[in-house]
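Submitted below is the structure of interest, expressed as structure tokens.
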Amino acid sequence: MTGHKPEGSPDILAFLVVKDPRQTIAFAETVLGAQLVSEPLLRGNGQIWNAEMRLGDSRFFISSADGPFEMAGFLYVYVEDCDATYAKAVDHGANPVMPPDDRFYGARDGGVCDTNGTMWWFATHQETVGGATLQERAAAEEARRKGS
């Protein structure tokens, strides 16, 4: 008997359905060092039906948009250096959304939007924050934003 998922697969996988999956694959390979797990499965018309990519201990799928199913996503990706990754993404055509900065929840992060509309948020963990400290910092951040 086989398990409920392929061996080595996580329980949750992100799935990006975009107009130009080859561009998204190239972006993930170039900017993040992601790798195709295997050759993409193609439809009869040559469009990518499904491509599975690996990035560190994570996997995600990419597919060609077909009809009403275009669903660019929002991926939060941990990287060694969010500033360098953000700059590399912008150099490779992504539009800046929010430059990297230190955040109240213990990460330095910032995001871009690629040409398919997928948001890529790059984060570097700085400290573990939880419980009352996280709540206090969140309240302070909310007050700061309301005052701006």
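Give the residues of segment 114-133 that are part of a strand (DSSP E or B) and either modelled with pLDDT under 95 or over 15 Å from the mean Cα position of the chain (by Cα) (or both), sorted by residue number.
Passing the criteria: only His125.
Moving on to the next point. Search segment 57-105 for residues being charged (D, E, K, R) and surrounded by 13 or more Cβ atoms within 10 Å (Cβ to Cβ), and hand back the single one that is modelled with the lowest pLDDT.
Here the answer is Glu70.
Tell me, which strands (runs of 3 or more DSSP E) wholly within segment 1-113 include 3 or more residues that are without any contact (Cβ under 8 Å) to a residue 40 or more places away in the chain and within 30 Å of Ala139 (Cβ to Cβ)?
Correct list: 95-102, 107-113.
Here is a yes/no grid of residues against (1) over 24 Å from Gly111 (Cβ atoms); (2) surrounded by 14 or more Cβ atoms within 10 Å (Cβ to Cβ):
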{"site": "Val18", "(1), (2)": "no, yes"}
{"site": "Pro21", "(1), (2)": "no, yes"}
{"site": "Phe27", "(1), (2)": "no, yes"}
{"site": "Pro40", "(1), (2)": "yes, yes"}
{"site": "Gly46", "(1), (2)": "yes, no"}
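The values are calculated or read from the model by the stated rules, or taken from the named source; none is laboratory data. Computed from a prediction, not measured in an experiment: that's the story for all the values here. All Cβ positions, even for glycine, are placed from backbone atoms using ideal geometry, and neighbour counts span all protein chains on display.
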